[in-house]
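The block underneath contains the structure these notes are about, expressed in C-alpha cells.
The values are calculated or read from the model by the stated rules, or taken from the named source; none is laboratory data. On a predicted model such as this, the values are computed, not experimentally measured, just so you know. No Cβ is skipped: glycine too gets one built from the backbone with ideal geometry, and neighbour counts run over all protein chains shown. Surface accessibility is based on the protein's heavy atoms, side chains included, excluding ligands, DNA and RNA. Shrake-Rupley method; radii C 1.70, N 1.55, O 1.52, S 1.80 Å.
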Amino acid sequence: MVVRMVVGLALTVVALGLAGRRLWWLARVGRAGQPAPERLAAVRSHPARDVESEFSEVLGQRKLLRWTVPGIAHAFTFWGFLVLSLTIFEAYTNLFDKKFPGIGHWALVGFIEDLFAVLVLAGIITFAVIRLRSNPRREGRDSRFAGSHTGAAWLVLAGIFLVIATLLIYRGAQINTGDFPYPHGAFASQLVGGWLAPLGTGVNSVLETVFILAQLAVILGFGVFVTYSKHLHIITAPVNVLFSRRPDGLRGLEPMRSGGQVLDFEEADPDTDVFGLGKIEDFSWKGLLDMATCTECGRCQSQCPAWITGKPLSPKMVILDLRDHALAKAPYLLAGSDEAREKLPDEVTAEAGRPLVGTADQHGVIDPDVIWSCTNCGACVNECPVDIEHIDHIGGMRRHQMLIESAFPQEAAGMLKNLENKGDPWGMGAARRAEWMEGLDFEVPVASGELGGDVEYLFWVGCAGALEDRARKTTRAIATLLHTAGVNFAVLGPAETCTGDPARRIGNEFVYQMLAAQNIGTLNEARPRTIVASCPHCFNTIANEYPQLGGDYQVIHHTQLLSKLVADGKLTPLSSIEEKITYHDPCFLGRHNKVYSPPREIMQQVPGVQAQEMARCKERGFCCGAGGARMWMEERIGKRINTERIDEALTTDPDTISTGCPYCLVMLGDAVAAKKASGEAKDSLEVVDVAQLLARSVATPVPAPAATTDESGQAGAGGATPDADG
Ligand code: SF4
Ligand code: SF4
C-alpha cells in the first residue's frame, strides 16, 4: 500500500514536472508571436457565441462528424476520455485505498465507465483500420495521411489501447479482491474479472497494485508525450476554437496588422512594421497556436484542389512545415539577447536564417509554388476540425512576397498595373463599362450621386460582368429579368471600379485599399438600400471586406434575388428546357458565403430541367481554379483544376453546366472548349449562368452583346481576358 502510494505520487510529480516545463516553453514560443488583441476582444464581446462554439465543435465534435466513420470513432474516443477521467480519480483514490466520494457506488457510473472504455477500444480499432487502408506508402499523395507523422500516430493508438487495457485489468482484479466499488453494471470489468478469477485472490491483489500503477504510468506518460507530439491538440484545440474567427475563417481576409494594430499605409514603415508574414515571428500568437493545434488528420489536404491536381500545395503541410520551423527556431526567438544568440548551436542559427518563403536552393521553409498555387477556395478551412485559418496564413505570406520582396508570378503584373491605372484587370477603362447595355430593348438606369428612394437595388455589375464577353451575357440576362419582373434597379456604370478582390488575394493590399476606398466613396454617396452582385468575388468583397474599411452594405447575390422573384411570382419560367443540367458551386458563393439553395431553386422552377449533382457539390464543391487571383497566373504544375472539374461534370453526361460566377464561367468554358476539341465532350455542351437559363425559360429573348473578345482564348494569366495588356 505504501509502495503503491509512493511510486504513484513519484510518477505524478515527475510527469507533471516534464509536461509543465514543456507547456511553459510552448507558451513562451507563442508569446514570441505578434499580439492579436482583436481575438481577445471578440471573445469578450460575444461570450455566448463562443460558448456555443465550444459546445458544438469541441464537445459536439460537429466538424469531425461530417466524416461519418472516422468522426464517430473520434467522438467515441474523445467522449470516452472525458468519461474515463473519472477512472483517473478512482485510480488515485485507490492509491490511498480510499473510495472517491459519490462515484464509487452508483452502478450506473460503473456501467457508463465500462461502456465508454469499450467504445474507446472500438474507436481506436477503427482508426487502426483507417490508417492501414489509407497508407501513404501504398496510396502516395492520394492518402490524406501523406506527409503526416504516422509513427507518432501509431504510438498514440498504442498508448490509448494501454490506458484501456490497464484500466480493465485492474478493475477486473479488484472484483476478485473485493475492492471493486460497483456492485454491478461494470460489464467489461466483470468479464475481465471472470478471466482473472482462477488466478486466486493473492495473484489478483498483486495484479491490482501493478495495474493501478501501470495505468497511472501510462496516463502520465501519455500526458507527457502529448506535450511533445501532434496530440498537443488535446490541450490546444478548445483554445484555438475559442479564439478562431467567427463565424469561420472564410469570407473576408484578415486585415494587415503590425503589432496587433491594423496597418495604416500612410504611416507604415517597412523597416519597423510587419508587412505580411516574412518571418515566423510575424505570425500572431493565434497563428502559432494554429500550428500547435494541427492534428495532422489530412482532411484539408484531401479536399484541396491544388493538392488533388498534383501541385506542391498541401494546406496540412504548410501548417506542419511552419510548425517544425517555429519549434526549431524557438531557441533563437527566446534567447533574449544577441550575446545569448551567439552561443546557440549552429543548427538553430541556420534555422533562424532560413527565409520563410523560398525555393529549395534558398532553404526556404515554404516553397513559392506552394503559396501561389492556392485558389483561396476555402475547402481546407471548411474541413479543418480545429478551425485552423490556412487562407489567412497563405495570404499573409503572399502579402510579404508582393509588398516587400516584389516576388510574385510576373504574368500577374499586367493585371495589377491595369487595376491601378484603369480600375479593371484588363485595362479596358471605365468608359467601356456601359457597353454591355447596348442593344437591350429597355434603358438601364445609370446612377449618379445618391440613388432615388424608389430604387430598390443597386446592381453591381463587376469588371467581368461589364467587360468580359461570356459574363456580359449573364449581365444582360440579369438586367432583362429584373426589368421583366418590374424591379426598380440602377447600375453605377463608369462610376464602378474593380472591388480590388484580385489585388487583395494576390497580396497587394495597397492596390486593394486604393480601389476599395474609391468604391466605398461612391457607394456612400449612392446610399443603396441593397446591392445585388452578379460576381461572388464582388459579393464577398463588398459584404465581408469593405466593413473592415468602414463600408457597411446589405449585399445579396443575383441568384438570391432571382429565386425570390420566382418564388414571389414576379418571374414565371414557362418555356421548357429539356436538358440534364449539373450545377457547379462557385467557392466564393457557396463555401465562403453559404449560398447553396437559391441557384438550385431557380433550376427546379424551370420546366423540363433534370438537375443532377456532381459527386463534389455544395460545401464539398470543387474549385474551378480561378480564385485567389489564380485567374491571372499560369497553371504550370499538375493537371489544370478546371479540367479536373469538367472531367467530374462529364461523368453526369450533362447537356449544360450551370454556375453563378463569371470566373467559373470562363474557367469551365475554357475546359469544355478543350474537351470538345479533343472529342471528349459533345459539341452542344454549354456552360451558362443560372440567370441565363432562367431568362431562356421566362422567354424574354436577350439580345446578344457586342463581342469584345475571342472566346477561344485560354484562361490563366489573363489569357481569357478581353484585353490582358490593356
Ligand atoms: S484555400 Fe483551397 S487551394 Fe488554398 S490551400 Fe485551402 S483547399 Fe487548397
Ligand atoms: S490543418 Fe486541420 S484539417 Fe488539416 S491536417 Fe491539420 S487539423 Fe487536419
When you look at residue 329, is it more than 16 Å from ligand 1 (Cβ to nearest atom), of a type in the set (Lys, Arg) and either open to solvent by less than 40 Å² (accessible area, probe 1.4 Å) or touching a helix residue (DSSP H, G or I) at 6+ places or on another chain (Cβ under 8 Å) (or both), yes or no?
yes
Within the range 128-166, the count of residues that are among the acidic types (Asp, Glu) and touching a Phe, Trp or Tyr at 6+ places or on another chain (Cβ under 6 Å) comes to 0
Tally, over the range 57-69, of residues that are touching a Cys at 6+ places or on another chain (Cβ under 8 Å) and open to solvent by 20 Å² or more (accessible area, probe 1.4 Å):
0
If we scan the range 227-242, do we find a residue that is modelled with pLDDT of 90 or more, away from ligand 2 (no atom under 16 Å from the Cβ) and within 24 Å of residue 86 (Cα to Cα)?
yes
Quick one: in the range 137-158, which of the residues that are without any contact (Cβ under 8 Å) to a residue 40 or more places away in the chain, in contact with a helix residue (DSSP H, G or I) (Cβ under 8 Å, 6 or more places away or on another chain) and open to solvent by 40 Å² or more (accessible area, probe 1.4 Å) is farthest from ligand 2 (Cβ to nearest atom)?
154
Being in a helix (DSSP H, G or I) and open to solvent by less than 50 Å² (accessible area, probe 1.4 Å) is the filter here; which residues of the range 675-687 pass it?
675
So which of 312, 305 ends up being within 16 Å of ligand 1 (Cβ to nearest atom), touching a helix residue (DSSP H, G or I) at 6+ places or on another chain (Cβ under 7 Å) and open to solvent by 50 Å² or more (accessible area, probe 1.4 Å)?
312
Taking the condition of being part of a loop (DSSP other than H, G, I, E, B) and either exposed (fewer than 12 other Cβ atoms within 10 Å of the Cβ) or among the aliphatic types (A, V, I, L, M) (or both), how many residues in the range 1-56 meet it?
3
Away from ligand 1 (no atom under 16 Å from the Cβ) and buried (at least 16 other Cβ atoms within 10 Å of the Cβ): which single residue out of 586, 573, 607 fits that description?
573
Restricting to the range 650-662, count the residues that are open to solvent by 20 Å² or more (accessible area, probe 1.4 Å) and in contact (Cβ under 8 Å) with a residue 60 or more places away in the chain.
3
Of 237, 217, 268, the only residue that is open to solvent by less than 50 Å² (accessible area, probe 1.4 Å), under 24 Å from residue 159 (Cβ atoms) and over 21 Å from the mean Cα position of the chain (by Cα) is 217
Residue check, residue 33 of a type outside the set (Ser, Thr, Tyr) and touching a strand residue (DSSP E or B) at 6+ places or on another chain (Cβ under 6 Å):
yes
Going residue by residue through the range 318-327, is there one that turns out to be part of a helix (DSSP H, G or I), under 23 Å from residue 619 (Cβ atoms), within 8 Å of ligand 2 (Cβ to nearest atom) and touching a residue at least 60 places away in the same chain (Cβ under 8 Å)?
yes
So for the range 282-297 (the condition being part of a loop (DSSP other than H, G, I, E, B), farther than 30 Å from residue 135 by Cα and either open to solvent by 40 Å² or more (accessible area, probe 1.4 Å) or within 16 Å of ligand 1 (Cβ to nearest atom) (or both)), does at least one residue qualify?
no
Residues 296, 254: which one is in contact with a Lys or Arg (Cβ under 9 Å, 6 or more places away or on another chain), within 16 Å of ligand 2 (Cβ to nearest atom) and among the acidic types (Asp, Glu)?
296
